[in-house]
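This report refers to the structure that appears directly beneath it.
The values are calculated or read from the model by the stated rules, or taken from the named source; none is laboratory data. Bear in mind that the values here come from a model prediction, so they are computed numbers and not experimental data. With ideal geometry, Cβ positions are generated from the backbone for all residues, glycine too; neighbour counts draw on all protein chains shown. Areas reflect the complete protein model, heavy atoms only, side chains present, ligands, DNA and RNA absent. Shrake-Rupley method; radii C 1.70, N 1.55, O 1.52, S 1.80 Å.
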Amino acid sequence: MNDFQQHIQKAIRLIPVQIGLIALFFCVYHLFLKYIMRETGLDLGAVGYNNHVVPLYAQPSFDLSLWILPALVICAGFLYLCHRYLLSDVSDNRLIGIAIVCFIAVNISVAQIDGYREIGPEGEKKRILTLLEPYTRTSLEYYGDVPRVDELGIRRFLKDYSKPEVFDRLSGHTRTHPPGGVLFLWHVSGLFGYNLISASLITILFTALTVIPIYRLAEMLYGKQVARYALLLFLITPNFVMFTGTSMDGPFSVFPILSIYLFYIARERETIPDQKWNEFRPYSLLTGLSLALGMFMTYSTVVVGVFLCVIALLERQRFVQYLKVLLFASAGFIGFYLVLFVLTGFRPIEALWAAIKKDEMGMGTGYESVGRYFHLSFANLFAFLIGVGLPITTVWLRQLVATIRDWRQDTLTSEGKTDEPQKTWIFRHEHADTFVIGFLITLLFFTFSTLFTMEVERIWIFMVPFFVIPVAKHLTARPISDFYWVMCILVAQLIIGEVLLYTYW
């Protein structure tokens, strides 16, 4: 091999170069998908080739003004703060407190890059901050149904939720989701008044709570340094920042993420081999309750439930202990809906069926043809990988390859094909491997399930921890320069994406 080939191979192994190659791949895929949609009439639900940057549910829109300056200053300040302070030995409580402040500042400043939007009919248009604009679409958003709860009362609203006389008068998104989003905003309006400012700010403040379980989960799995890296990456993950400040998918993500953390606490404390079936398992019960609250806000929480089951199946030698945890979690989940039914008469199965029928009317089933099925599946996957950030996707793929290689080695070891000392090492690290492998299996299952019809760069934001934590693990074993490369390119994608794309939320 000559020197030129060696230099090329060495350059390709660099993270910035790999990020560029991933970006090139997605550009080619965008052009290919747009061509297929134009030439064959391929239907991808809400995403159209004429007015969207496929596979993203976003329109091209150049919005550059002085409103970009606060976002640039805050993001640059955040990067400087990471370099000078947050990567040092700062206490957990202080780090989490600073992270919450940074979360709020980054979200608000990025959402305001677009400045103002004009809304209303011709002759009656008024300007409104882009941070507040999504909630003005009352025919589509949960915010528009808050007066319906006041009108009917919370008990009747839940009891008659899936009945046509109530269901057919609800906003578009409320009819494809459980009633939790509406009730969340109804409680907010009761405390702070029914106005756009309180609704938007509470959306951001409540979602900021996700920094706590993400940090604690990463710490539990891989230690403090990985947790610190994961938290800092999370704060500038493009799709989480772009959609949290302007959509209810931010609050929707809190309980699914909390459920993962609670499950891993239960895994550590309540999977003791000699623990009896009838012994109380509080964290398992809380896991189920958190899943129920998540499912009350978004049906996408089912992804987390499937992930927990996959973990139990992957760690076969502890399956009985996991089964006990999952049964207690199921009791918490079912108990929540039983209590809700007794108190209000809410019927979750009827509500789910009504939502499925409403969604299929607008988006189709996803399996109308083999071609549509595969294009829709891959478009879902690639849209989310773009949304989560090109740098994060690149490093996640690297970590995934390494994890699969280690997983295969673990399998050989468990079959007695390697030495005993290595077997002990693998057992200590087994949960870290299953976290990555279990999510990969879950992601592929839902990618090809037809349960989601595009817009997943927004709908799936609760999956972000499954990316930033393994990415953080990979980067802690690399030179610190790789971490800064990833952080800087993430900020660049975040700012450029907000300037060039109109994402509706």
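Would you call Val464 out of contact with any Phe, Trp or Tyr (no Cβ under 8 Å at 6 or more places or on another chain), part of a helix (DSSP H, G or I), under 12 Å from Leu233 (Cβ atoms) and at pLDDT 95 or above? Here the answer is no, as Val464 does not meet what is asked.
Among the residues examined, Tyr299 does not qualify as farther than 21 Å from Trp186 by Cα and either in contact with a Pro (Cβ under 7 Å, 6 or more places away or on another chain) or among the hydroxyl-bearing types (Ser, Thr, Tyr) (or both). Of the residues that sit in the range 141-159 and are among the charged types (D, E, K, R) and touching a residue at least 60 places away in the same chain (Cβ under 8 Å), which one is nearest to Asp359 (Cα to Cα)? Among residues in the range 141-159 that are among the charged types (D, E, K, R) and touching a residue at least 60 places away in the same chain (Cβ under 8 Å), the one nearest to Asp359 (Cα to Cα) is Glu141. Listed conditions (1) β-branched (Val, Ile, Thr); (2) closer than 29 Å to Ala58 by Cβ; (3) at pLDDT 95 or above are all met by Thr244, apart from (3). Name the single residue, out of those in the range 225-271 being of a type in the set (S, T, N, Q) and more than 11 Å from the chain's Cα centre (by Cα), that is surrounded by the fewest Cβ atoms within 10 Å (Cβ to Cβ). Out of the qualifying residues, it is Gln225. What tally of residues in the range 233-271 results from selecting those that are in a helix (DSSP H, G or I) and among the β-branched types (Val, Ile, Thr)? So the count comes out to 6. Within the range 361-410, the residues that satisfy the criterion of being of a type in the set (Gly, Ala, Ser) and either in a helix (DSSP H, G or I) or open to solvent by less than 10 Å² (accessible area, probe 1.4 Å) (or both) are Gly362, Gly366, Gly371, Ser377, Ala379, Ala383, Gly387, Gly389, Ala402. Each residue in the range 97-110 was checked for being open to solvent by 30 Å² or more (accessible area, probe 1.4 Å) and hydrophobic (A, V, I, L, M, F, W, C), and 6 of them qualify.
Residues that are in a helix (DSSP H, G or I) and open to solvent by less than 20 Å² (accessible area, probe 1.4 Å) within the range 292-309 comprise Ala292, Gly294, Met297, Ser300, Thr301, Val303, Val304, Phe307, Leu308, listed in sequence order. When residues in the range 87-104 are screened for being under 24 Å from the mean Cα position of the chain (by Cα) and touching a residue at least 60 places away in the same chain (Cβ under 8 Å), 8 of them pass. Entry remark, the range 44-96: residues being open to solvent by less than 50 Å² (accessible area, probe 1.4 Å) and aromatic (Phe, Trp, Tyr) number 2 in total.
Scanning the range 473-499 for residues that are over 24 Å from Pro213 (Cβ atoms), within 20 Å of the chain's Cα centre (by Cα) and either at pLDDT below 95 or not aliphatic (A, V, I, L, M) (or both) yields Gln493, Gly497, Glu498. A single member of Gly144, Gly181 is of a type outside the set (Ser, Thr, Tyr), assigned to a helix (DSSP H, G or I) and within 21 Å of the chain's Cα centre (by Cα), and it is Gly181. Candidates are the residues of the range 119-173 that are of a type in the set (A, V, I, L, M, F, W, C) and open to solvent by 50 Å² or more (accessible area, probe 1.4 Å); the one that is farthest from Met361 (Cα to Cα) is Leu129. Of all residues in the range 189-220, which are of a type in the set (A, V, I, L, M), over 22 Å from Val110 (Cβ atoms) and crowded, with 21+ Cβ neighbours inside 10 Å? Listed by number, the residues that qualify are Leu217, Ala218. When you check Pro470 against the structure, is it within 19 Å of the chain's Cα centre (by Cα), crowded, with 18+ Cβ neighbours inside 10 Å and over 30 Å from Leu131 (Cβ atoms), yes or no? Answer is yes for this residue.
If I ask for residues that are modelled with pLDDT of 85 or more and either polar (S, T, N, Q) or in a loop (DSSP other than H, G, I, E, B) (or both), which ones from the range 416-452 would you list? Scanning the range 416-452 gives Thr434, Thr442, Thr447, Phe448, Ser449, Thr450, Leu451, Phe452.
Does Arg269 qualify as being charged (D, E, K, R) and touching a helix residue (DSSP H, G or I) at 6+ places or on another chain (Cβ under 8 Å)? Taking the combined requirement at face value, the residue satisfies it. Within the range 277-291, the residues that satisfy the criterion of being polar (S, T, N, Q) and assigned to a helix (DSSP H, G or I) are Ser284, Thr287, Ser290. I'd like the residue in the range 310-319 that is assigned to a helix (DSSP H, G or I) and touching a residue at least 40 places away in the same chain (Cβ under 8 Å) and, out of all such residues, is farthest from Phe452 (Cα to Cα). Result: Arg318.
Cβ separations smaller than 6 Å between residues 6+ apart or across chains give the following pairs from the range 337-354 residues that are closer than 18 Å to Val166 by Cα to residues that are assigned to a helix (DSSP H, G or I): Thr344/Arg155; Thr344/Leu158; Thr344/Lys159; Gly345/Lys159; Phe346/Leu158; Phe346/Leu340; Pro348/Tyr337; Ala354/Phe167.
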